[in-house]
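Asks: Starting off with a structure, shown below.
The values are calculated or read from the model by the stated rules, or taken from the named source; none is laboratory data. These numbers come from a predicted model, not from an experiment. Here the Cβ positions follow ideal geometry from the backbone for every residue, glycine too, while neighbour counts run over all protein chains shown. Just the protein is used for accessible areas: all its heavy atoms, side chains included, with ligands, DNA and RNA removed. Shrake-Rupley method; radii C 1.70, N 1.55, O 1.52, S 1.80 Å.
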Amino acid sequence: MLKKFGLFITVCALAACNAPSKGPTAKDGVTLRVASDVSEQALDGRILLIFAKEGEQEPRFQVRADIKGAQVFGMDVDGLTPGMSLSFNPNFGYPKQMLADLPAGEYVVQALLHKYDTFNLATGHTVKLPMDQGEGQQWNRSPGNIYSVPQTVQIDAGKGGSGLQIVLDQVIPPIEPPADTKYIKHVQIRSELLSEFWGRDMHLGAHVLLPEGFDEHPEAQYPLAVFHGHFPSDFGGFRETPPEENLVCEPSERFGEPCYNRTVQQEAYDFYKKWTGPDFPRMIIIEIQHPTPYYDDSYAVNSASMGPYGDAITHELIPFIETEFRGIGQGWARFLYGGSTGGWEAAAAQIFYPDDYNGAFIGCPDPMDFRAYELINIYEDKNAYYDEGPFTRIARPAHRDWLGKVSTTVEGDNHLELALGSKGRSGGQWDIWEAVYSPLGPDGYPKRLWDKETGVIDHEVAAYWRENYDLRYILERDWATLGPKLEGKLHIYVGDMDNYYLNNAVYLTEAFLNSTTNPHYGGQVDYGDRAEHCWNGDHENGNHISRLRYNTMYVDKILRRIETTAPEGADLTSWRY
């Protein structure tokens with residue numbers, strides 16, 4: 001905890017820097033105030049103070065774990081009264097942990113309050129968490145969050161002087177929901193299961209892509225494909241018009257494409273032409289909106305900290321959609337696919353609900369075997385951040401490129417999350433894995449798999465993860481009962497240079513699947529040579545293309561699966577017009 005800061009900070013306009021006026025002394029530190037006209041109620045949440053070295057983007061959009069990221073400090077607040085000043089004493093910062101460690105220089109500074117709601121859980125716990133506001137749990141653009149106008153500041157470390165004073169007087173506006181079209185419909189339901197767990201109304205939503213001829217063929221009933229992935233603002237990759245003629249090109253640094261936004265629009269239009277063409281099989285595709293107070297989606301399984309999202313999706317939302325839009329409504333006619341988070345979700349839903357789905361096409365999945373939790377063996381390693389020997393230790397990487405160049409470490413990723421939110425509330429990747437996989441702690445928040453500051457692993461928590469969410473372990477443990485229900489249903493794809501080392505867990509999963517008997521698993525595991533995240537089975541095109549083609553890549557496999565597994569008397573004709 002920081003109470004005093006040896007900083008000399010002056011506030012400047014973005015256009016010029018004037019001589020500082022007299023203000024609080026150095027011991028007063030940074031002073032923040034939420035304007036009285038932006039809220040009539042006391043506020044709970046986390047205040048983030050962000051320092052960036054350039055102002056082309058607001059500092060709140062520059063926070064990331066690699067060397068290009070901005071500096072961020074975080075502090076929890078409870079019952080903050082708008083209009084009253086607050087001394088900013090951060091709990092944690094990243095990359096620098098303490099304000100006093102900031103190097104001297106000029107910065108663009110911005111503060112933001114990430115607001116929390118109070119939830120009275122069915123477990124008897126009371127927790128404070130950010131409720132999604134239609135943005136998919138993105139703290140820097142969540143409607144209702146309050147922030148300051150960026151300012152340029154000059155900091156001279158260790159010299160004392162005026163304290164930095166910041167007023168948070170801007171509110172992120174609401175998001176306009178997407179409109180229905182002929183092909184795309186948007187649905188939302190109140191989930192009884194989730195509302196009971198969270199102690200308030202909780203909803204699930206979906207973007208539904210209807211087949212060509214849906215209105216003209218009222219007798220038809222359709223198979224359903226569930227495209228799992230991160231929070232979708234609308235149904236992605238579907239465009240009824242050609243790319244914009246005067247489109248201003250936006251390059252992709254990752255893919256080295258000078259006008260990648262045009263590629264995205266062209267691929268979306270090409271899919272529309274295939275979808276409405278005479279040869280494309282008629283089916284329904286959905287993208288699910290299931291943000292939780294911890295992340296942009298739930299991982300589509302039941303969990304101790306987030307409640308029964310798996311049951312709610314499979315037994316509430318999907319039957320509702322099938323009733324509303326004439327789905328066949330039987331397990332043999334439902335399929336799953338997705339990449340990364342969506343890949344793990346497709347695998348988990350198929351494994352945990354084996355009779356409700358007839359095949360999962362699993363692209364670059366999050367770790368399916370926690371012996372390769374990226375580069376960590378959570379059951380045997382003592383520390384997540386370092387591989388340690390008797391005389392030295394080596395930091396574990398978290399992200400690489402296809403040539404092996406490392407850009408972030410596990411420690412850096414986790415320390416950034418700790419700055420953004422305590423108790424697993426950062427909205428980040430490592431925190432959501434804990435929110436999904438961990439048992440509930442005595443305070444109502446997820447138990448930590450490891451100490452967030454030091455990386456020391458709690459092996460009792462790791463054992464809970466293994467029994468409940470280690471997919472490879474569960475497959476092996478329960479193959480006698482799961483195997484007959486999963487035969488031919490698991491198809492896994494990953495690049496052998498996945499940026500997040502996710503191929504390592506696939507290797508371990510493949511080794512078990514290849515050993516299966518009575519029955520043999522009868523699916524597929526395939527690798528992309530030197531392919532990064534998120535390779536999904538396309539040997540002909542690069543990631544920049546194949547990532548845009550999920551909705552067409554597995555159609556032939558789905559049709560063959562239907563033809564060979566549909567029960568006698570199943571409807572195989574009404575949707576084949």
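Asks: How about the stretch 322-372: which chymotrypsin sites (Phe, Trp or Tyr not before Pro) there are in a DSSP loop, with at most 16 other Cβ atoms within 10 Å of their Cβ?
Replies: none
Asks: For the stretch 165-249, calculate the relative contact order in percent as a whole number, restricting contacts to Cα pairs under 8 Å that are 6 or more residues apart.
Replies: Over the stretch 165-249, the number comes to 23 percent.
Asks: Accessible area per residue, 1.4 Å probe, Å², for the chain: what's the number?
Replies: For the chain, the solvent-accessible area averages 42 Å² per residue.
Asks: Looking at the stretch 374-448, which chymotrypsin sites (Phe, Trp or Tyr not before Pro) are in a loop (DSSP not H, G, I, E or B) and have at most 10 other Cβ atoms within 10 Å?
Replies: Here the chymotrypsin sites (Phe, Trp or Tyr not before Pro) that fit, given the DSSP loop and packing criteria, are Phe391.
Asks: Oh, and also: Per residue of the chain, what 222 nm ellipticity follows from adding -39500 (n - 2.57) for every DSSP H run with n ≥ 4, rounded to the nearest 500?
Replies: Roughly -6000 deg cm²/dmol at 222 nm, from the helical runs in the chain.
Asks: Quick one: work out the % antiparallel among DSSP beta bridges in the chain, nearest 5.
Replies: 70
Asks: With charges set only on the Cβ (+1 for Lys and Arg, -1 for Asp and Glu), what does the dipole of the chain come to about its Cα centre, in debye to the nearest 20?
Replies: 1380
Asks: Taking the simple approach of a point 7 Å from Cα along Cα-to-Cβ for both Asp458 and Asn518, what is their distance in nm?
Replies: Inter-label distance under the simple model: 3.9 nm.
Asks: Sticking with this structure for a sec: Sorted by accessible area (1.4 Å probe), largest first, how do His315, His459 line up?
Replies: Descending order: His315, His459.
Asks: Percent relative contact order of the chain, based on C-alpha pairs within less than 8 angstrom and at least six residues apart?
Replies: 13
Asks: Under a Cβ-Cβ cut-off of 13 Å, what is the net charge of the residues other than Pro308 that fall near it, where Lys and Arg count +1 and Asp and Glu count -1?
Replies: Taking every Cβ under 13 Å from that of Pro308, the sum is -4.
Asks: A follow-up question, please. Can you sort His290, His491 by 1.4 Å-probe accessible area, starting with the largest?
Replies: Final ranking, largest accessible area leading: His491, His290.
Asks: Can I ask one more? Give, in whole angstrom and from largest to smallest, the semi-axes √(5λ) of the equivalent ellipsoid of the stretch 441-577, with λ running over the eigenvalues of the Cα gyration tensor.
Replies: The answer is 33, 23, 16 Å, longest axis first.
Asks: Sort 163-170, 555-562 by the packing proxy (mean of other Cβ within 10 Å over each peptide's residues), most packed first.
Replies: 163-170, 555-562
Asks: How would you order 242-252, 59-69 from highest to lowest mean count of nearby Cβ atoms within 10 Å?
Replies: In descending order of packing, they fall as 59-69, 242-252.
Asks: Follow-up. Which aspartates and glutamates does Lys182 reach when only Cα atoms under 19 Å apart count, and residues fewer than 8 places away in its own chain are ignored?
Replies: Glu212, Asp215, Glu216, Glu219, Asp234, Glu240, Asp270, Glu287, Glu322, Glu324
Asks: Computed from the coordinates I sent, Rg/Rh (Cα atoms, Kirkwood Rh) equals one of (1) 1.17; (2) 0.98; (3) 1.25. Tell me the label.
Replies: Only one listed value fits the structure, namely (2).
Asks: Between Thr181 and Asp556, what FRET efficiency follows from the Cβ-Cβ distance if R0 is 30 Å, with the result rounded to 0.05?
Replies: 0.65
Asks: Percent relative contact order of the stretch 305-361, based on C-alpha pairs within less than 8 angstrom and at least six residues apart?
Replies: Across the stretch 305-361, relative contact order equals 32 percent.
Asks: May I pose another question? Of all GluC sites (Glu not before Pro) in the stretch 145-231, which ones are in loop regions per DSSP and have a Cβ with at most 12 other Cβ atoms within 10 Å?
Replies: Glu216, Glu219
Asks: Over the chain, what percent of the accessible surface lies on carbon and sulfur atoms, probe 1.4 Å?
Replies: Solvent-exposed carbon and sulfur of the chain make up 48 percent of the total.
Asks: Assuming R0 = 30 Å, what is the FRET efficiency of Met84 and Arg141, from their Cβ-Cβ distance, to the nearest 0.05?
Replies: 0.70
Asks: Separate question: Could you pull out the pairs from Lys68/Lys382; Lys405/Lys452; Lys274/Lys405 whose alpha carbons sit more than 28 Å apart here?
Replies: Distance filter (> 28 Å) returns Lys68/Lys382; Lys274/Lys405.
Asks: On to the next question. Taking every pair of distinct Cα atoms and averaging 1/r, then inverting, what Kirkwood hydrodynamic radius in Å comes out for the stretch 141-241?
Replies: Here the Kirkwood hydrodynamic radius works out to 19.0 Å.
Asks: So, counting K/R as plus one and D/E as minus one, what does the shell of residues with Cβ under 12 Å around Tyr577 add up to?
Replies: With Lys, Arg at +1 and Asp, Glu at -1, the neighbours total -2.
Asks: Between Ser252 and His217, what FRET efficiency comes out of the Förster formula 1/(1 + (r/R0)^6) with R0 = 30 Å and r the beta carbon distance, rounded to 0.05?
Replies: 0.15
Asks: Let me ask you something else. Find how many whole Å separate the alpha carbon centroid of the stretch 312-378 from the alpha carbon centroid of the stretch 63-112.
Replies: About 39 Å separates the Cα centre of the stretch 63-112 from the one of the stretch 312-378.
Asks: As a test of reading the structure, rank Leu449, Leu548 by solvent-accessible area (1.4 Å probe, protein chains only), most first.
Replies: Correct descending sequence by accessible area is Leu548, Leu449.
Asks: Once the dipole of the chain is set up with Lys and Arg at +1 and Asp and Glu at -1 on Cβ about the Cα centre, which of Ser422, Tyr464, Trp198 lies farthest towards its positive end?
Replies: Ser422
Asks: To continue, here is another question. Could you tell me which residue out of Ile562, Ser252, Ser233 lies farthest along the dipole of the chain toward its positive end? Charges go on the beta carbon: Lys and Arg +1, Asp and Glu -1, centred on the Cα centre.
Replies: Ser252
Asks: With charges only on Cβ, +1 for K and R and -1 for D and E, what is the dipole size of the stretch 404-516 about its Cα centre, in debye, rounded to 20?
Replies: The calculated dipole for the stretch 404-516 is roughly 220 debye.
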